[in-house]
Every structure is written in C-alpha cells, then in structure tokens.
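Colleague: Before I ask anything, here is the structure I am working with.
Bear in mind that the values in this text are calculations on the coordinates, not laboratory data. Being a predicted model, the structure only gives us computed values, none of them experimental. Because the Cβ atoms are built from the backbone with ideal geometry, glycine has one as well, and the counts that use them run over all protein chains shown.
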Amino acid sequence: MTGPARSILITGASSGIGRALAIEFARPDVRLVLIGRDTTRLSEAAAACRAGGAHVETGIIDVRDRAAMHDFIRAADARAPLDLVIANAGISTGLPAGALAEDPEAVRGIVAINLLGAFNTVEPIIEPMGARGRGAIALTGSIAAIRGLPYSPSYCATKAAVHLYAESLRGALARKGVAVSLIVPGFVHTPLNENLVSAKPLAMTDERAARIIRRGLDRRKAVIAFPRLLYWGARLTTVLPVRVVDFFMTRQHVDVPVTRERMSS
Ligand SMILES: NC(=O)c1ccc[n+]([C@@H]2O[C@H](COP(=O)([O-])OP(=O)(O)OC[C@H]3O[C@@H](n4cnc5c(N)ncnc54)[C@H](OP(=O)(O)O)[C@@H]3O)[C@@H](O)[C@H]2O)c1
C-alpha cells in the first residue's frame with residue numbers, strides 16, 4: 001500500500017485563511033498536518049479536511065513554543081517527508097481610534113507570534129528539505145507590510161520582517177531545490193479582522209483567498225499577492241512623496257482592536 005502523494009503542514013489551520021487552505025488542499029492523496037491552539041476549532045477543521053478525503057494529523061501547539069514546534073515538525077517529517085510547510089499563524093494588533101501608543105504587552109505578543117512563530121515553523125524543516133533537495137516553504141505576510149500604516153505599527157513591522165525573511169530564504173534555498181513562497185493577502189474576511197473598523201477595499205472570502213494561494217503554491221510562485229489592484233496600489237505608495245501618502249493615510253478613520261496575548265511560559 002502506498003501513502004499519500006503529498007504531505008503539507010499548515011500553522012494557524014484552525015481558523016480563517018489557514019483553515020480554508022487546509023480544506024482547499026484536502027484530497028484523498030494528501031496528508032495534512034494541521035497546527036493550532038484551540039482544540040475545538042482545530043478538530044472541526046480536521047473533520048472538514050477528512051470529509052474531503054485527506055489523511056489528517058493535528059498538533060495543539062503554540063507557535064511561540066520553539067522546542068515543541070521543532071520536535072513536532074521533525075517527528076511529522078520523519079513519519080513521511082513534508083513537501084510543503086506553510087507558516088501562516090498570526091494575530092493582529094494596533095491603535096484603537098484616538099490612541100497614540102500601542103499596548104507594549106500586545107506589541108511583544110505579536111512579535112512572538114507573527115515573527116518568532118514563523119521562525120519556529122520554518123527552521124526545523126530547512127535542513128531536512130535541503131538534504132532531500134526538494135520541498136517548499138511558504139510564509140504568510142500581508143499587503144500591510146508594503147508601506148507602514150499609521151494605525152498598526154507593530155503588525156506592519158512583523159509582516160515586513162516576514163517579507164524580508166522569505167525573500168532572503170528564497171535566495172538561500174533555491175540552489176538546494178527548495179522553493180520559498182511569500183503569501184501577501186489584502187483584506188480577507190476572517191475573525192482576525194472582524195472587529196477592525198476600516199475601509200476594506202476588495203475584501204474577499206477565505207475560500208477565495210485559499211483558491212488563489214493554492215494555485216500559487218502549486219506553481220511554486222515566489223510571491224502570491226492578491227488582490228492585484230490593492231497590491232500594486234500599495235506598491236505605488238512607496239514611490240509617491242512620503243508626506244502626500246501620510247496626509248491621506250492619517251485622515252482615514254481606522255480603529256484597530258488591541259490583542260493582548262500572553263507571553264509564552
Ligand atoms: N484576514 C486578513 O485580512 C489578512 C490579511 C493579510 C494577512 N493575514 C495573515 O493571514 C494569517 C492568518 O490570519 P487569518 O486572517 O486567517 O486569522 P484567524 O482567522 O484569526 O486565524 C489565525 C490562526 O492563527 C492561529 N494562531 C494565532 N496565534 C497562535 C499561536 N500563538 N500559536 C498557534 N497558532 C496561533 C490561530 O489559532 P487558534 O484558533 O488556535 O487561536 C488561527 O488558526 C495571519 O498571519 C495574518 O496576519 C490576514
């Protein structure tokens with residue numbers, strides 16, 4: 001008997017984009033290794049993927065727990081080599097309307113999850129994939145990383161760091177046959193931004209985002225950015241005069257909820 005043809009690990013698979021992506025990949029010849037923190041949500045996501053025919057394994061792990069992430073990912077890879085690892089787990093935080101400074105606790109929390117959590121996901125798989133001379137790694141960034149937004153400084157900073165990390169890794173791993181993709185979403189309707197008060201131009205469902213991401217990953221695209229119009233609009237702001245862009249951005253009414261995450265023990 002042969003095992004599944006493709007093994008895919010996804011963090012943040014219990015909700016939103018990660019969950020929709022897991023379901024999008026769920027086929028009888030696919031093994032999915034799904035990581036999240038919330039047991040109920042992760043079980044529901046796993047059940048939806050099993051209904052699609054996939055072989056599913058789950059791990060209730062906080063991405064901040066470097067040792068647990070390392071051991072779980074190495075063990076999953078040893079059982080059957082992972083073909084694709086997607087560092088997707090993330091949170092948002094920012095400035096509620098009228099606030100001047102971000103909550104320092106929330107800032108440390110978002111760095112630990114969005115940035116260190118991405119390192120904790122990617123680092124354990126680099127050497128095994130490099131040794132095999134095949135595989136793919138993907139990281140979820142954001143259009144918010146392209147130009148700093150006055151209402152979510154630390155979120156933009158973590159995602160900008162993820163962008164440069166992915167870009168750097170891509171160059172480093174290409175000669176080993178390992179592809180690195182950077183996923184750059186615009187607004188996607190998920191729990192992450194349901195309490196965000198802001199214009200959400202060209203917002204889309206998580207199912208639609210997952211289809212776009214899956215197609216990009218199947219083609220081993222270096223950058224999977226969508227919607228294209230918003231992406232190129234954001235890129236344009238980086239070549240316009242800073243004062244002009246700041247003028248318009250600071251006049252938007254935006255209210256970003258504070259996420260207070262506990263630091264890992
Ligand atoms: N939605 C958007 O508009 C948008 C736009 C650009 C980029 N993104 C990025 O897309 C990614 C997914 O976001 P989403 O919109 O799908 O949000 P979401 O629905 O809130 O899902 C976030 C996922 O990350 C997991 N997670 C959070 N902290 C974790 C931790 N410490 N350890 C393990 N898992 C953790 C959550 O697990 P639990 O359920 O267990 O808490 C959940 O599965 C994030 O990196 C986000 O920054 C989203």
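Colleague: Starting from the Cα gyration tensor of segment 1-88, take the square roots of the eigenvalues, sort them a ≥ b ≥ c, and report rounded, prolate or oblate (rounded when a/c is under 1.5, otherwise prolate if a/b is larger than b/c, else oblate).
Modeller: It is oblate, given that a/c is not under 1.5 and a/b is not larger than b/c.
Colleague: Of VAL30, VAL244, VAL56, which has the largest mean-square fluctuation in a 10 Å C-alpha GNM of the chain?
Modeller: Sorting by GNM fluctuation, first place goes to VAL244.
Colleague: Label-point separation (nm) for HIS189 and VAL245, each offset 7 Å from Cα along Cα-to-Cβ?
Modeller: 3.0
Colleague: Which value, to two decimals, describes the C-alpha radius of gyration of the chain once divided by 2.2 N^0.38 Å?
Modeller: Rg over 2.2 N^0.38 Å, computed on Cα atoms: 0.99.
Colleague: Stretched out fully, how many nm does the piece from ALA99 to ARG79 gain, at 0.36 nm a residue minus the Cα gap?
Modeller: 2.3 nm
Colleague: Right, something else. So what is the calculated 222 nm ellipticity per residue for the chain, using -39500 (n - 2.57) for each DSSP H run with n of 4 or more, over all residues, to the nearest 500 deg cm²/dmol?
Modeller: Helices in the chain give a 222 nm mean residue ellipticity of -13500 deg cm²/dmol.
Colleague: In terms of Cα to Cα distance under 19 Å, which aspartates and glutamates are near enough to LYS221, apart from those fewer than 8 places away along the same chain?
Modeller: GLU24, ASP83, GLU167
Colleague: At 0.36 nm per residue, minus the direct Cα-Cα distance, what do THR237 and THR40 gain on full extension? Give it in nm, one decimal, please.
Modeller: That works out to 66.8 nm of additional length.
Colleague: P(r) for segment 36-167, please, calculated from all Cα pair distances in 5 Å bins and given in %.
Modeller: Histogramming segment 36-167 at 5 Å steps yields 2, 10, 17, 19, 18, 15, 10, 6, 3, 1, 0 percent.
Colleague: For THR11, THR39, which order do you get if you count the other beta carbons within 10 Å of each Cβ and list the fewest first?
Modeller: Neighbour counts put them in this order, fewest first: THR39, THR11.
Colleague: Now for a different question. Within segment 178-222, report the trypsin sites (Lys or Arg not before Pro) that DSSP leaves as loop and that have at most 15 other Cβ atoms within 10 Å.
Modeller: Those that pass, being in a loop and sparsely packed, are ARG219, ARG220.
Colleague: Using the 2.2 N^0.38 Å rule of thumb for compact globular proteins, work out how segment 157-218 stacks up: its C-alpha Rg over that value, please.
Modeller: Dividing the Cα radius of gyration by 2.2 N^0.38 Å gives 1.37.
Colleague: Charges at C-beta only: +1 for Lys and Arg, -1 for Asp and Glu. How large is the resulting dipole of segment 141-248 about its Cα centre, in Debye rounded to 20?
Modeller: Computed about the Cα centre, the dipole is about 540 debye.
Colleague: Same structure again: Could you bin all the Cα-Cα distances of segment 194-265 into 10 Å bins starting at 0 and give me the percent of pairs in each, rounded to whole numbers?
Modeller: Reading upward from the zero bin: 14, 31, 33, 21, 1.
Colleague: May I pose another question? Give the Cα extents of segment 95-145 along the principal axes, in whole Å, largest first.
Modeller: Largest to smallest, the principal-axis extents are 52, 22, 8 Å.
Colleague: Output wanted: per-residue J couplings in Hz (rounded whole) for segment 62-75, from phi through Karplus 6.51 cos²θ - 1.76 cosθ + 1.60, θ = phi - 60°, x for Gly and Pro.
Modeller: Taking θ as phi minus 60°, the curve returns 7, 5, 6, 8, 4, 5, 5, 5, 4, 5, 5, 5, 5, 5 Hz for segment 62-75.
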